[in-house]
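The structure under discussion appears below in the form of C-alpha cells.
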Amino acid sequence: MSPPPIRFFNTLSRAVETFTPLRVGAVGIYCCGPTVYHYAHIGNLRTYVFEDVLRRFLESEGFKVTHVMNITDVGHLESDADEGEDKMILAARREQKSPWDIARFFEDAFFADTAALNLRRPTIVCRATDHIAQMITFVKALEEKGMAYSVEGNVYFDTTKFLTYADFGRLDLAAMQEHARVDKDPRKRSPQDFVLWFSQSKYPNQIMKWDSPWGVGFPGWHIECSAMASHYLGARFDIHCGGIDHIPVHHTNEIAQSEGRFGDKWVNYWLHGEFLVLDKGKMSKSKGDTLTIETLREHGYNPMGFRYLCLTTHYRGPLKFSYESLESACNALETLRNKKADWESAPLPSLTEKDHAALDVYRGQFRDALAEDLNTPVALSVLWTCLRDEKISDAAKLVFLKESDVILGLLKQPESLSLTAEQENLITEREKARAAKDWSRADELRQSLEAQGIILKDRATGTDWFVKR
Ligand code: AMP
Ligand code: ZN
C-alpha cells in the first residue's frame, strides 16, 4: 500500500490540497527573507523554522529542493503600503553607519541566528541590491503590458488592470477604499496601487539609489520578491512561503506583478506561518518589545530549545511564547540529547525482528504526520511514544531518534564546532564536582568557562551549555 499523499494547506484555496510538484522529483520554494535593518526577532525566526522543516521534509521524501531566500537590503518602507522612510535609512541614522554597513552587519547576524537554530542555509540567498537590473526589466515589462504607470519619476502598479487583485487576500476593496488614509500618495490613481520604482519620495535622503529609465531611485519592496523569485525559479514554481502578515499586501502585490507580467498562475502552493505572540499580544520591532536569540541567551536559554518550542505547535496555529514554555522545551530537548548520549556510549545489541517491525510503524506514523500539512506536534509525539516504548530495544530507539532528527534538526549542537577538547573536559570536570557537591570547585569551573564565552545552564535534566555570541 502506498503512503498517503503529501498535503498542504494552500492559502490560494484556503483548503488542504494534495501536493503535486511541477516537475517530477524537484521542488522550487521561495521564502521571503529578512529586512536587514535589525536583528531578526523570534517571531520572524519561528517562520524560518517552519520553512526549514518544510524543506527538510520534502528532501526526506526524495525531492531535490531549490530553496531561495531574498535579503531585503533596500526599498522596504516603514509601512508595507509605501508609507514612511526606507527601514535601512532609519537604521543607518539610528546607528550612525552607512546603510550598506547596516545591511551586511544584520545579514551576518541573521545567518548567525539561523545557524544557532540549526536552519539549513537556503540553496540560493539573493540580495535585493544585487538584482536591481532584474527589477528594472520586470517594471519595464509591466509598463509595456499597460499594467503600470509613471508619475513624476515614480512607477506604480495599476491594480485596476489586474482584475483578480482582491482574490488572494479575500480583500474588500470597497471597504478599504473608504478607510484609505488621508495622507495617501496623491500620485496614485487608486489607494491599492503600489510603487514599483521610486525616483521621488517624501524623503530625499535616500542613499542607496540606481539609475533607471524613470530617474535615479530605488525599487519598491514587492517587486524585489517577484523579480528574484522568477529569476531563480521561473515564471511558474511550486511553493511560496512567508508569515500570515504578508497575505493582504506583500503577497497580494507579488501575485499581481508576477501574474500581470507572465499572464498565468505564478505559484501553485502558498504556505503561511501563523504568528508568534507574546502574552501581551503581537511583538513588533517598532514598539521595541522584540525578543531576539540574544535575549533568550541572556535569560540563560539555549537557542535550540526555541527550535524545539516551535515544533511543539503546528505552523498554522499561533505560538504563544513564554519563558515557562521555553524552559519545558529546553528540558525536553535535554532529555533527548541525554538519551542519545547514553545510548551511544554503551554497546547496543543489534535490532530484533520485533524492533524492525515497531520501527516501521513509527516511521510511517512520523512521515504521515508531516505529510499531513507538516504536523510537527504529532511527529514529536510519535518520537516520544517510540522512546517510551518498553517493548523495543534502546538500539531501536536510537535508530529512530537519529532518523527523525534529519527533519526535526534538534540534536545537533550547532555551536559544538567551537568547543575545544579542553573546554569539554572542563564541563565534564564540573559535572563531577557537582555530583560530589563540591560547589566551590563547580563555580570556579563555571567562571573559567564563562570567561571563555561558554555559558552553562543547569537544568533538572542535566547541564546545558551554549556559546555566548
Ligand atoms: P520581515 O523581516 O519583517 O519582512 O519578516 C520576515 C518574516 O517573518 C516574514 O515571513 C514575516 O511574515 C514573518 N513574521 C513577522 N512577524 C512575525 C511574527 N510575530 N511571528 C511569525 N512570523 C513573523
Ligand atoms: Zn517577499
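Global size of segment 222-313: 17.1, 52 Å for Rg and Dmax (C-alpha atoms, Rg to one decimal, Dmax whole). Over all orientations, segment 9-278 has a Cα convex hull whose mean projected area works out to 14.3 square nanometres. Taking the Cα centre of segment 9-278 as origin and assigning +1 to Lys and Arg Cβ atoms and -1 to Asp and Glu Cβ atoms, the resulting dipole is close to 340 debye.
The modelled label-to-label distance between K339 and W210, using points 7 Å beyond Cα along the C-beta direction, is 5.1 nm. Only protein atoms count toward the accessible area here, which uses a 1.4 Å probe; on segment 421-467, the carbon and sulfur part of that area reaches 47 percent. Using a cutoff of 8 angstrom between alpha carbon atoms and counting only pairs six or more residues apart, the relative contact order for segment 335-460 works out to 20 percent. Once the Cβ-Cβ distance of D130 and S325 is raised to the sixth power relative to R0 = 51 Å, the FRET efficiency obtained is 0.85. Per residue, segment 421-467 exposes 58 Å² of accessible surface when a 1.4 Å probe is rolled over the protein heavy atoms with every protein chain present.
The mean sequence distance of close C-alpha pairs (under 8 Å, at least 6 residues apart), as a share of the length of the chain, puts its relative contact order at 18 percent. Placing R0 at 35 angstrom, the Cβ-Cβ distance between Q452 and E59 gives a FRET efficiency of 0.45 after rounding to 0.05. Under the combined filter of DSSP loop state and at most 11 neighbouring Cβ atoms within 10 Å, segment 6-103 retains these trypsin sites (Lys or Arg not before Pro): R14. Element breakdown for segment 234-336 at a 1.4 angstrom probe: carbon and sulfur atoms account for 50% of the accessible area. Segment 145-266 gives an Rg/Rh value of 0.96, both radii derived from C-alpha positions and Rh following Kirkwood.
Ignoring lysines fewer than eight residues from K457 along the same chain, the ones with Cα atoms less than 20 angstrom from its Cα are K339, K340, K412, K432, K437, K468. Here the gap between A15 and F111, fully extended at 0.36 nm per residue and compared with their Cα-Cα distance, gives a gain of 31.3 nm. Pairs of alpha carbons in segment 420-466 separated by more than 17 Å make up 21% of all such pairs. Of all segments of the chain bounded by GluC sites (Glu not before Pro) found in a DSSP loop with no more than 11 other C-beta atoms within 10 Å, the longest spans 153-389. In the full protein context, segment 9-278 carries 38 Å² of accessible surface per residue, based on a 1.4 Å probe and ignoring ligands, DNA and RNA.
Stokes-Einstein diffusion of the chain at 10 °C, 1.306 mPa s viscosity, Kirkwood radius from Cα pairs, rounded to a whole number: 65 µm²/s. Note on S381 and V24: their simple-model spin labels are 3.7 nm apart, each label 7 Å out from Cα toward Cβ.
Residue separation of R93 and R236 scaled by 0.36 nm, minus their Cα-Cα distance, works out to 47.5 nm of gained length.
Roughly what % antiparallel, to the nearest 5, for the DSSP beta bridges in the chain? DSSP beta bridges in the chain are roughly 50 percent antiparallel. With R₀ fixed at 56 Å, the C-beta to C-beta distance from R104 to N425 puts the FRET efficiency at about 0.90. The relative contact order of segment 421-467, computed from alpha carbon pairs under 8 Å that lie at least 6 residues apart in sequence, is 25 percent. Beta bridges assigned by DSSP with both partners in segment 9-278 are antiparallel in approximately 40 percent of cases.
The values are calculated or read from the model by the stated rules, or taken from the named source; none is laboratory data. These figures come from a predicted structure and were not determined experimentally. Reconstructed Cβ throughout: ideal geometry from the backbone, glycine too, with neighbour counts over all protein chains shown. Side chains are part of the model used for accessible areas, which takes the heavy atoms of the whole protein and leaves out ligands, DNA and RNA. Shrake-Rupley method; radii C 1.70, N 1.55, O 1.52, S 1.80 Å.
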